[in-house]
1. Using a Förster distance of 22 angstrom, determine the FRET efficiency expected from the C-beta separation of R227 and S178, and round it to 0.05.
2. Take the residue pairs K57/K190; K81/K167; K57/K186 and return only those whose Cα atoms are more than 29 Å apart.
3. Quick check on packing: order 168-177, 62-71 by the mean number of other C-beta atoms within 10 Å, highest mean leading.
4. Label 7 Å along Cα→Cβ of L119; the stretch 190-206 residues with amide nitrogen under 20 Å?
5. Could you tell me which of V77, N130, L204 has its Cα farthest along the dipole of the stretch 72-225 towards the positive end, charges placed at Cβ (Lys, Arg +1; Asp, Glu -1), taken about the Cα centre?
6. Within the P(r) computed for the stretch 72-225, what percentage of the Cα pairs occupies the region above 24 Å?
7. Please give the Cα centre distance for the stretch 77-112 versus the stretch 119-189, rounded to the nearest Å.
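A short reminder: the numbers here are calculations on the coordinates, not readings from a lab. As the structure is a computational prediction, the values presented were derived from the model and not from experiment. Ideal geometry is used to build each Cβ from the backbone, glycine not excepted, and the neighbour counts take in all protein chains shown.
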Amino acid sequence: MISCYNPLNVNSQLLLTNSSQQFKSPKHPYLHQSKLHKRSSDITPRGMKVTAYYGLKTPPYELDALEPYLSRRTLEVHWGKHHRNYVEGLNKQLSQNDTLYGYTLDELLKVTYNNGNPLPEFNNAAQVWNHDFFWESMQPGGGNMPILGVLQQIEKDFGSFSNFKDKFIESSLSLFGSGWVWLVLKRQEKQLAVIKTSNAISPLVWDDIPIICLDMWEHAYYLDYKRQGVWLGPSVS
């Protein structure tokens, strides 16, 4: 039984057990005010607005908490270097484009996707969101069966929990190049689905509700596993 990656035991922060809120997408207050660019924040019922720059959000556990499945060294490089670079890249772009102030990160991601014709800021905005969500898709000691409501939905939409695992693994192994694999709720169909996205694409751009994700960029697994297929073993088995 695994003790780090958590596609089999959805964190309660990501999926609420109350049936009326079961698939509510979480909000992420990523914003931290820059010491160099002091702007006031505008708090609204929809969430915190981007009127300053983003800070690097810390994973919700110690960097060595996922060992032996993901090493401290991997998190130091993945979170401390790659994730940080996306945050700093987005901040630099925002400093040159004030028209994008006033959006939550969720909104910024959708606006810069621009109906499939992404603006320059999209990749960094999406990768910041994706990585924050990725860290929250894992927990030390994870790997148990999902909570009852989630398990019932998985069995309804995939036939069995085993079928879901097989679909998740197959989608991960068949992803060409860099990208992400997601368990999402299709908002219109009210149905769970496993989807894969290339590069920085997030299912938010299609109005899907992400539940868990797996980072299939090489930097997510190379230091510990070298090969993609080996990375999938402790991730979803």
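1. FRET efficiency, R227 to S178: 0.90.
2. On the way: K57/K190 31 Å; K81/K167 31 Å; K57/K186 27 Å.
K57/K190; K81/K167, as the Cα separations exceed 29 Å there.
3. Details: 168-177: 15.1, 62-71: 17.3.
Ranked by mean Cβ neighbours within 10 Å, highest first: 62-71, 168-177.
4. Only 200-206 pass the distance filter.
5. Most positive-ward Cα: V77.
6. On the way: 4438 of 11781 pairs.
So the pairs more than 24 Å apart make up 38 percent of the total in the stretch 72-225.
7. With the stretch 77-112 and the stretch 119-189 each reduced to a Cα centre, they are spaced 23 Å.
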